[in-house]
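Read through the structure below, which is laid out as C-alpha coordinates, and then see the notes.
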Amino acid sequence: MDGVLSGPPRDLVGYGRSLPPELGWPDGARVVVNLVLVYEEGAEYSVLDGDDRNDGWGEYPDPGPQPPARDLGTEGHYEYGSRAGVWRLARIYDAFEVPVTVSACAAALELNPEVAGWIRERGHDLLGHGWRWRESWTQSRDEERADLLRAIETFERVLGERPLGWNSRSYPSENTRELLVEEGGFLYDSDPSNDDLPYYATCLGRPILIVPYTKTYQDARYLVSPGFASPRDYLDTLVIGLDELLADERPSMMTVVAHARWSGQAARAAAIRTFLAHARDKPGVRFMRRLDIARWWLERFPPG
(Lines give C-alpha, C1' and ligand atoms only; values in the text may rest on other atoms or scores of the structure.)
Protein backbone atom coordinates (compact mmCIF):
# COMPACT_ATOMS: atom_id res chain seq x y z
CA MET A 1 0.00 0.00 0.00
CA ASP A 2 1.30 3.48 -0.76
CA GLY A 3 0.99 6.40 1.64
CA VAL A 4 2.06 4.57 4.81
CA LEU A 5 1.64 6.88 7.83
CA SER A 6 0.27 9.62 5.59
CA GLY A 7 -3.24 11.02 5.61
CA PRO A 8 -4.92 13.71 7.71
CA PRO A 9 -3.51 14.65 11.12
CA ARG A 10 -5.47 13.73 14.23
CA ASP A 11 -7.38 16.38 16.20
CA LEU A 12 -8.26 15.23 19.71
CA VAL A 13 -9.57 18.63 20.86
CA GLY A 14 -12.30 19.73 18.46
CA TYR A 15 -14.66 22.42 19.73
CA GLY A 16 -13.63 21.71 23.30
CA ARG A 17 -15.51 22.61 26.43
CA SER A 18 -17.55 25.51 25.03
CA LEU A 19 -19.00 26.05 21.59
CA PRO A 20 -18.74 29.46 19.95
CA PRO A 21 -22.10 31.09 20.80
CA GLU A 22 -23.00 31.79 17.18
CA LEU A 23 -23.04 28.12 16.16
CA GLY A 24 -26.53 26.74 15.66
CA TRP A 25 -29.23 25.47 13.35
CA PRO A 26 -32.01 27.04 11.28
CA ASP A 27 -34.96 28.40 13.27
CA GLY A 28 -33.15 27.70 16.54
CA ALA A 29 -33.48 23.92 16.23
CA ARG A 30 -31.71 22.00 18.98
CA VAL A 31 -31.05 18.84 17.01
CA VAL A 32 -30.86 18.34 13.27
CA VAL A 33 -31.67 14.76 12.23
CA ASN A 34 -30.17 13.53 8.98
CA LEU A 35 -31.75 10.32 7.69
CA VAL A 36 -29.33 8.28 5.57
CA LEU A 37 -30.58 5.47 3.35
CA VAL A 38 -27.61 3.34 2.25
CA TYR A 39 -28.02 1.70 -1.15
CA GLU A 40 -25.23 -0.73 -2.16
CA GLU A 41 -27.13 -3.61 -3.75
CA GLY A 42 -25.46 -5.01 -6.85
CA ALA A 43 -22.22 -3.10 -6.20
CA GLU A 44 -20.80 -5.66 -3.76
CA TYR A 45 -17.91 -8.01 -4.53
CA SER A 46 -19.10 -10.87 -6.75
CA VAL A 47 -17.58 -13.45 -9.03
CA LEU A 48 -20.18 -12.36 -11.59
CA ASP A 49 -18.38 -9.00 -11.80
CA GLY A 50 -14.96 -10.57 -12.14
CA ASP A 51 -13.94 -10.11 -8.50
CA ASP A 52 -11.60 -12.48 -6.71
CA ARG A 53 -14.11 -13.02 -3.90
CA ASN A 54 -17.81 -12.90 -3.10
CA ASP A 55 -18.94 -10.39 -0.51
CA GLY A 56 -20.35 -11.62 2.79
CA TRP A 57 -23.97 -11.65 3.80
CA GLY A 58 -23.11 -9.86 7.01
CA GLU A 59 -25.77 -11.65 9.03
CA TYR A 60 -23.73 -14.84 9.49
CA PRO A 61 -20.09 -15.27 10.57
CA ASP A 62 -19.05 -17.88 8.01
CA PRO A 63 -18.30 -16.80 4.42
CA GLY A 64 -20.33 -18.41 1.68
CA PRO A 65 -19.03 -19.99 -1.52
CA GLN A 66 -16.01 -18.30 -3.06
CA PRO A 67 -14.81 -18.10 -6.68
CA PRO A 68 -15.00 -19.76 -9.01
CA ALA A 69 -18.43 -20.52 -7.48
CA ARG A 70 -21.22 -17.96 -7.11
CA ASP A 71 -22.70 -17.32 -3.67
CA LEU A 72 -26.39 -17.52 -4.53
CA GLY A 73 -27.51 -17.07 -0.93
CA THR A 74 -25.68 -13.78 -0.52
CA GLU A 75 -26.79 -12.62 -3.95
CA GLY A 76 -30.39 -13.13 -2.83
CA HIS A 77 -29.80 -11.22 0.39
CA TYR A 78 -28.63 -8.16 -1.55
CA GLU A 79 -31.46 -8.58 -4.03
CA TYR A 80 -33.94 -8.33 -1.17
CA GLY A 81 -32.62 -4.85 -0.49
CA SER A 82 -33.07 -3.72 -4.08
CA ARG A 83 -36.34 -5.53 -4.79
CA ALA A 84 -38.23 -4.95 -1.54
CA GLY A 85 -36.24 -3.31 1.25
CA VAL A 86 -35.46 -0.01 -0.43
CA TRP A 87 -39.12 0.48 -1.35
CA ARG A 88 -40.38 -0.34 2.15
CA LEU A 89 -38.10 2.33 3.57
CA ALA A 90 -39.04 4.72 0.77
CA ARG A 91 -42.74 4.30 1.62
CA ILE A 92 -42.03 5.09 5.27
CA TYR A 93 -39.98 8.20 4.46
CA ASP A 94 -42.60 9.32 1.95
CA ALA A 95 -45.40 8.89 4.47
CA PHE A 96 -43.61 11.13 6.97
CA GLU A 97 -42.59 13.58 4.21
CA VAL A 98 -39.04 13.78 5.54
CA PRO A 99 -35.93 14.64 3.52
CA VAL A 100 -33.48 11.78 3.05
CA THR A 101 -29.83 11.52 2.10
CA VAL A 102 -29.17 8.48 -0.09
CA SER A 103 -25.65 7.12 0.34
CA ALA A 104 -25.39 5.15 -2.87
CA CYS A 105 -22.86 3.25 -4.88
CA ALA A 106 -23.00 4.46 -8.47
CA ALA A 107 -23.10 0.94 -9.91
CA ALA A 108 -26.08 0.10 -7.68
CA LEU A 109 -28.13 3.02 -9.03
CA GLU A 110 -27.13 2.10 -12.56
CA LEU A 111 -28.55 -1.40 -12.04
CA ASN A 112 -31.84 -0.12 -10.59
CA PRO A 113 -32.75 3.20 -12.24
CA GLU A 114 -36.10 3.40 -10.41
CA VAL A 115 -34.22 4.17 -7.19
CA ALA A 116 -32.52 7.07 -8.95
CA GLY A 117 -35.95 8.15 -10.16
CA TRP A 118 -37.32 8.16 -6.60
CA ILE A 119 -34.37 10.26 -5.41
CA ARG A 120 -35.07 12.84 -8.13
CA GLU A 121 -38.85 12.87 -7.66
CA ARG A 122 -38.64 13.40 -3.91
CA GLY A 123 -35.76 15.87 -3.99
CA HIS A 124 -33.50 13.75 -1.81
CA ASP A 125 -29.76 14.35 -1.94
CA LEU A 126 -26.87 12.08 -2.86
CA LEU A 127 -23.94 11.09 -0.68
CA GLY A 128 -21.30 9.42 -2.83
CA HIS A 129 -20.48 5.93 -1.58
CA GLY A 130 -18.15 4.68 -4.28
CA TRP A 131 -18.44 3.44 -7.83
CA ARG A 132 -18.77 -0.05 -6.40
CA TRP A 133 -18.80 -1.13 -2.75
CA ARG A 134 -15.04 -1.50 -2.52
CA GLU A 135 -12.58 -1.08 0.35
CA SER A 136 -10.56 1.96 -0.66
CA TRP A 137 -7.78 1.20 1.80
CA THR A 138 -6.89 -1.89 -0.25
CA GLN A 139 -6.39 0.18 -3.41
CA SER A 140 -3.46 2.18 -4.71
CA ARG A 141 -3.93 5.94 -4.96
CA ASP A 142 -4.36 5.68 -8.73
CA GLU A 143 -6.92 2.88 -8.41
CA GLU A 144 -8.92 4.83 -5.85
CA ARG A 145 -8.80 7.97 -8.00
CA ALA A 146 -10.03 6.03 -11.02
CA ASP A 147 -12.97 4.60 -9.04
CA LEU A 148 -13.82 8.08 -7.69
CA LEU A 149 -13.92 9.60 -11.16
CA ARG A 150 -15.88 6.66 -12.56
CA ALA A 151 -18.41 7.05 -9.74
CA ILE A 152 -18.90 10.75 -10.50
CA GLU A 153 -19.39 10.04 -14.21
CA THR A 154 -21.89 7.28 -13.48
CA PHE A 155 -23.89 9.37 -11.01
CA GLU A 156 -24.10 12.22 -13.52
CA ARG A 157 -25.31 9.86 -16.21
CA VAL A 158 -27.77 7.80 -14.12
CA LEU A 159 -29.01 10.32 -11.57
CA GLY A 160 -28.40 13.57 -13.42
CA GLU A 161 -26.16 15.02 -10.73
CA ARG A 162 -22.77 14.45 -9.15
CA PRO A 163 -22.16 13.82 -5.44
CA LEU A 164 -21.13 16.85 -3.38
CA GLY A 165 -20.25 14.74 -0.31
CA TRP A 166 -18.48 11.42 0.14
CA ASN A 167 -18.55 8.44 2.50
CA SER A 168 -16.31 5.41 1.91
CA ARG A 169 -17.07 1.77 2.58
CA SER A 170 -16.36 1.29 6.30
CA TYR A 171 -13.14 3.31 6.41
CA PRO A 172 -11.37 5.77 4.11
CA SER A 173 -7.85 5.22 2.89
CA GLU A 174 -5.00 7.53 3.76
CA ASN A 175 -5.47 9.08 0.31
CA THR A 176 -9.24 9.58 0.26
CA ARG A 177 -9.51 13.12 1.59
CA GLU A 178 -6.68 14.36 -0.61
CA LEU A 179 -8.37 12.82 -3.65
CA LEU A 180 -11.65 14.58 -2.79
CA VAL A 181 -9.89 17.94 -2.50
CA GLU A 182 -7.80 17.26 -5.59
CA GLU A 183 -10.92 16.50 -7.66
CA GLY A 184 -12.30 19.86 -6.65
CA GLY A 185 -16.06 19.38 -6.81
CA PHE A 186 -16.90 18.22 -3.29
CA LEU A 187 -18.40 20.47 -0.63
CA TYR A 188 -17.81 18.09 2.26
CA ASP A 189 -16.30 14.83 3.49
CA SER A 190 -18.39 12.46 5.64
CA ASP A 191 -15.85 9.74 6.40
CA PRO A 192 -15.03 10.73 10.02
CA SER A 193 -17.37 9.76 12.87
CA ASN A 194 -15.74 12.01 15.44
CA ASP A 195 -18.14 14.82 16.38
CA ASP A 196 -21.76 15.87 16.83
CA LEU A 197 -21.34 18.96 14.64
CA PRO A 198 -19.70 19.83 11.34
CA TYR A 199 -16.20 21.30 11.48
CA TYR A 200 -13.36 22.30 9.18
CA ALA A 201 -10.12 20.48 8.49
CA THR A 202 -7.21 21.46 6.28
CA CYS A 203 -6.10 19.32 3.35
CA LEU A 204 -3.57 20.22 0.63
CA GLY A 205 -3.46 23.70 2.11
CA ARG A 206 -7.22 24.23 1.72
CA PRO A 207 -10.11 24.08 4.19
CA ILE A 208 -12.58 21.22 3.78
CA LEU A 209 -15.86 20.86 5.63
CA ILE A 210 -16.36 17.64 7.59
CA VAL A 211 -19.97 16.58 8.16
CA PRO A 212 -19.46 13.67 10.60
CA TYR A 213 -21.04 10.28 10.06
CA THR A 214 -21.96 7.73 12.75
CA LYS A 215 -21.09 4.18 13.69
CA THR A 216 -23.58 4.28 16.59
CA TYR A 217 -26.99 5.31 15.25
CA GLN A 218 -26.93 2.86 12.39
CA ASP A 219 -28.28 -0.56 11.60
CA ALA A 220 -24.89 -2.16 10.94
CA ARG A 221 -24.93 -2.81 14.66
CA TYR A 222 -27.35 -5.65 13.95
CA LEU A 223 -24.27 -7.45 12.58
CA VAL A 224 -21.79 -7.02 15.45
CA SER A 225 -21.58 -8.43 18.94
CA PRO A 226 -22.45 -6.82 21.23
CA GLY A 227 -24.94 -5.05 19.01
CA PHE A 228 -28.64 -4.97 18.27
CA ALA A 229 -30.33 -8.29 19.00
CA SER A 230 -33.75 -6.85 18.20
CA PRO A 231 -35.22 -3.86 16.34
CA ARG A 232 -36.23 -2.63 19.80
CA ASP A 233 -32.53 -2.26 20.60
CA TYR A 234 -32.08 0.02 17.60
CA LEU A 235 -35.23 1.94 18.42
CA ASP A 236 -34.20 2.41 22.05
CA THR A 237 -30.77 3.64 20.96
CA LEU A 238 -32.31 6.18 18.57
CA VAL A 239 -34.96 7.43 21.00
CA ILE A 240 -32.67 7.68 24.01
CA GLY A 241 -29.96 9.28 21.88
CA LEU A 242 -32.29 11.94 20.46
CA ASP A 243 -33.79 12.73 23.85
CA GLU A 244 -30.35 13.17 25.40
CA LEU A 245 -29.18 15.40 22.57
CA LEU A 246 -32.30 17.55 23.10
CA ALA A 247 -31.54 17.75 26.82
CA ASP A 248 -27.96 18.84 26.17
CA GLU A 249 -27.13 22.53 26.34
CA ARG A 250 -25.41 22.61 22.95
CA PRO A 251 -26.90 22.08 19.47
CA SER A 252 -26.19 18.75 17.81
CA MET A 253 -26.55 16.76 14.65
CA MET A 254 -27.84 13.18 14.65
CA THR A 255 -27.24 10.88 11.70
CA VAL A 256 -29.65 7.92 11.50
CA VAL A 257 -28.50 5.24 9.07
CA ALA A 258 -30.59 2.47 7.48
CA HIS A 259 -29.36 0.00 4.85
CA ALA A 260 -31.89 -1.21 2.28
CA ARG A 261 -31.15 -4.93 2.79
CA TRP A 262 -31.08 -4.75 6.60
CA SER A 263 -33.55 -2.11 7.78
CA GLY A 264 -35.71 -2.79 4.74
CA GLN A 265 -36.79 -6.01 6.48
CA ALA A 266 -40.25 -5.43 7.96
CA ALA A 267 -39.43 -5.85 11.67
CA ARG A 268 -36.43 -3.55 11.43
CA ALA A 269 -38.27 -1.01 9.28
CA ALA A 270 -40.78 -0.73 12.13
CA ALA A 271 -37.99 0.73 14.27
CA ILE A 272 -37.42 3.48 11.69
CA ARG A 273 -41.14 4.21 11.48
CA THR A 274 -41.54 4.41 15.25
CA PHE A 275 -38.48 6.63 15.65
CA LEU A 276 -39.78 9.05 13.02
CA ALA A 277 -43.10 9.30 14.83
CA HIS A 278 -41.23 10.04 18.09
CA ALA A 279 -38.88 12.60 16.54
CA ARG A 280 -41.60 14.41 14.58
CA ASP A 281 -43.46 15.27 17.78
CA LYS A 282 -40.40 16.62 19.61
CA PRO A 283 -39.97 20.41 19.75
CA GLY A 284 -36.53 21.51 18.65
CA VAL A 285 -36.04 18.70 16.09
CA ARG A 286 -35.53 19.51 12.43
CA PHE A 287 -34.96 17.01 9.61
CA MET A 288 -32.41 18.14 7.03
CA ARG A 289 -30.66 16.67 4.03
CA ARG A 290 -26.92 16.28 4.44
CA LEU A 291 -26.26 18.67 1.57
CA ASP A 292 -28.40 21.34 3.25
CA ILE A 293 -26.50 20.86 6.51
CA ALA A 294 -23.24 21.38 4.62
CA ARG A 295 -24.51 24.44 2.80
CA TRP A 296 -25.87 25.97 6.02
CA TRP A 297 -22.52 25.53 7.73
CA LEU A 298 -20.52 26.86 4.79
CA GLU A 299 -22.74 29.93 4.43
CA ARG A 300 -23.28 30.79 8.09
CA PHE A 301 -19.98 29.62 9.57
CA PRO A 302 -17.35 29.82 6.83
CA PRO A 303 -13.80 28.73 7.59
CA GLY A 304 -11.76 31.41 9.34
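The values are calculated or read from the model by the stated rules, or taken from the named source; none is laboratory data. Keep in mind that what you see is a predicted model, and the values were worked out from it rather than measured. FYI the Cβ positions are ideal-geometry reconstructions off the backbone, even for glycines, and counts take in every protein chain you see. Quick note on the areas: whole protein, heavy atoms, side chains included, nothing else; ligands and nucleic acids left out. Shrake-Rupley method; radii C 1.70, N 1.55, O 1.52, S 1.80 Å.
Selection within the range 137-171: residues that are within 14 Å of the chain's Cα centre (by Cα) and in contact (Cβ under 8 Å) with a residue 40 or more places away in the chain. The member of this set that is farthest from Trp296 (Cα to Cα) is Arg169.
Would you confirm whether or not the range 18-26 contains a residue that is outside any loop (DSSP other than H, G, I, E, B), under 24 Å from Asp189 (Cβ atoms) and modelled with pLDDT of 95 or more? Within the range 18-26 (the criterion being outside any loop (DSSP other than H, G, I, E, B), under 24 Å from Asp189 (Cβ atoms) and modelled with pLDDT of 95 or more), the answer is yes, since at least one residue qualifies.
Residues in the range 37-79 that are under 21 Å from Tyr222 (Cα atoms) and either among the β-branched types (Val, Ile, Thr) or open to solvent by 70 Å² or more (accessible area, probe 1.4 Å) (or both): Val38, Trp57, Tyr60, Pro61, Asp62, Pro63, Thr74, Glu79.
Just one of (1) buried (at least 21 other Cβ atoms within 10 Å of the Cβ); (2) assigned to a helix (DSSP H, G or I); (3) of a type in the set (Ser, Thr, Tyr) fails for Thr101. It is (2).
Here Asp52 fulfils each of the conditions (1) closer than 22 Å to Arg132 by Cβ; (2) assigned to a helix (DSSP H, G or I) apart from (2). Number of residues in the range 170-180 that are open to solvent by 20 Å² or more (accessible area, probe 1.4 Å) and either of a type in the set (A, V, I, L, M, F, W, C) or part of a loop (DSSP other than H, G, I, E, B) (or both): the value is 4. Contact map, the range 9-28: first residue at positive phi and in contact (Cβ under 8 Å) with a residue 40 or more places away in the chain, second residue among the hydroxyl-bearing types (Ser, Thr, Tyr) and open to solvent by 30 Å² or more (accessible area, probe 1.4 Å), Cβ cut-off under 9 Å, separation 6 or more or different chains; pairs are Gly14/Tyr199. Note on the range 247-262: among residues that are out of contact with any Gly (no Cβ under 7 Å at 6 or more places or on another chain) and assigned to a loop (DSSP other than H, G, I, E, B), the one that is least open to solvent (accessible area, probe 1.4 Å) is Trp262.
The test for being closer than 24 Å to Asn167 by Cα, touching a residue at least 12 places away in the same chain (Cβ under 8 Å) and of a type in the set (D, E, K, R) holds for Arg268.
Give me the residue from the range 104-127 that is in a loop (DSSP other than H, G, I, E, B) and either among the aliphatic types (A, V, I, L, M) or closer than 22 Å to Arg295 by Cβ (or both) and, out of that set, least open to solvent (accessible area, probe 1.4 Å). In this case the residue turns out to be His124. Scanning the range 187-213 for residues that are of a type outside the set (A, V, I, L, M, F, W, C) and in a strand (DSSP E or B), which turns out nearest to the chain's Cα centre (by Cα)? The selected residue is Asp189.
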